[in-house]
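Reading through the structure tokens given below for one structure.
The values are calculated or read from the model by the stated rules, or taken from the named source; none is laboratory data. Treat the numbers as computed from the prediction; the structure is a model and nothing was measured. Cβ: placed from backbone, ideal geometry, glycine included. Neighbour counts: every protein chain shown. Ligands, DNA and RNA are stripped out before the accessible areas are found, and what is left, the full protein with its side chains, is counted by its heavy atoms. Shrake-Rupley method; radii C 1.70, N 1.55, O 1.52, S 1.80 Å.
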Amino acid sequence: MAAWQAIDRIINPQPISYLGWVIAGGVIGFLGNEAVAIFRIRVGRKIGSAALVADGVHARTDGFTSLAVVIGGIGVLLGFPLADPIVGLLISAMIVVLLIGTVRSVGRRRMDGIETELLATAEHALEHEVTGIDQVRLRWIGHRLHGEAVIRVHDVSLAEANRIAAAAEDSVKRHLPSVDDMAIRTLAK
């Protein structure tokens with residue numbers, strides 16, 4: 001709809017009324033949406049909610065949309081009447097990019113996909129006191145992560161291997177607070 005309206009305004013230019021109010025509303029909209037975005041993204045990451053993070057990104061995009069309206073209003077104020085519909089086209093493109101990113105993020109989660117940085121963090125957390133890492137798996141269950149790993153240790157006693165596995169599990173939970181359960185299996189090198 002935004003793209004349609006922008007194209008229509010390029011073909012059939014129309015004057016903008018109350019330009020000062022449009023600019024003021026855009027500034028207020030940006031500040032409000034950015035505050036909401038920061039809060040939602042922070043809480044969403046803390047509780048492991050891809051949907052809440054996506055909602056925060058959406059609020060941030062709404063904020064930048066408001067800022068774009070300000071830029072378009074200033075362009076019109078400076079004597080460039082096509083600034084408003086051009087900004088409308090840019091906003092339309094931004095909406096498409098946001099939609100693609102949100103579908104990827106939420107779709108990955110729905111298909112049991114894990115972000116590569118989470119696996120890298122888990123592997124980094126497991127590197128202490130081990131001679132190798134054979135396998136690391138993580139899975140989202142709701143807003144919490146569950147995982148398992150197979151690590152290699154030196155030829156040590158069963159008690160020592162259990163201690164290393166417990167320390168590795170604690171390390172993963174410290175590095176990834178969203179992890180509820182991390183099963184560690186040890187193999188002798």
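Note down the magnitude of the dipole of the chain about its Cα centre, charges +1 on Lys and Arg C-beta and -1 on Asp and Glu C-beta and zero elsewhere, to the nearest 20 debye. Display every interim value, and only then the final one.
On the way: 19 positive and 19 negative charges, 54 e Å.
Using Cβ point charges on Lys, Arg, Asp and Glu, the chain gives about 260 debye.
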* Asked: What is the dipole size for the range 123-189, taken about its Cα centre, with +1 at each Lys and Arg Cβ and -1 at each Asp and Glu Cβ, in debye to the nearest 20?
  -> 160
* Asked: Over the heavy atoms of ILE141, what accessible area does a 1.4 Å probe trace out, to the nearest 10 Å²?
  -> 90
* **Taking the convex hull of Cα positions in the chain, its mean projected area over all directions (nm²)** => 13.1
* With r defined as the distance between the Cβ atoms of ALA166 and VAL103 and R0 fixed at 41 Å, what FRET efficiency is calculated, to the nearest 0.05? -> 0.55
* Asked: How many Å³ per residue does the convex hull of the Cα positions in the range 1-44 occupy?
  -> 81
* Structure fact -> Expected field for VAL106, accessible surface area in Å² at 1.4 Å probe radius, rounded to 10, holds 50
* Between helix 19-47 and the chain: long-axis angle, C-alpha atoms, 0 to 90°, nearest 10 -> 10
* Asked: Just the projected area, averaged over all directions, of the convex hull on the alpha carbon atoms of the range 37-139: how many nm²?
  -> 8.8
* Asked: So if we plug the beta-carbon distance of TRP4 and LEU31 into 1/(1 + (r/R0)^6) with R0 = 45 Å, what FRET efficiency do we get, rounded to 0.05?
  -> 0.95
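Given a Förster distance of 25 angstrom, what is the FRET efficiency for ARG185 paired with ALA51, based on the Cβ-Cβ distance and rounded to 0.05?
0.15
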* To do: Enter the angle in degrees (range 0 to 90, nearest 10) between the Cα long axis of helix 2-11 and the first principal axis of the Cα atoms of the chain, meaning the one along which they spread out most.
  => 30
* Over the range 103-164, relative contact order from alpha-carbon pairs under 8 Å, at least 6 apart, % -> 28
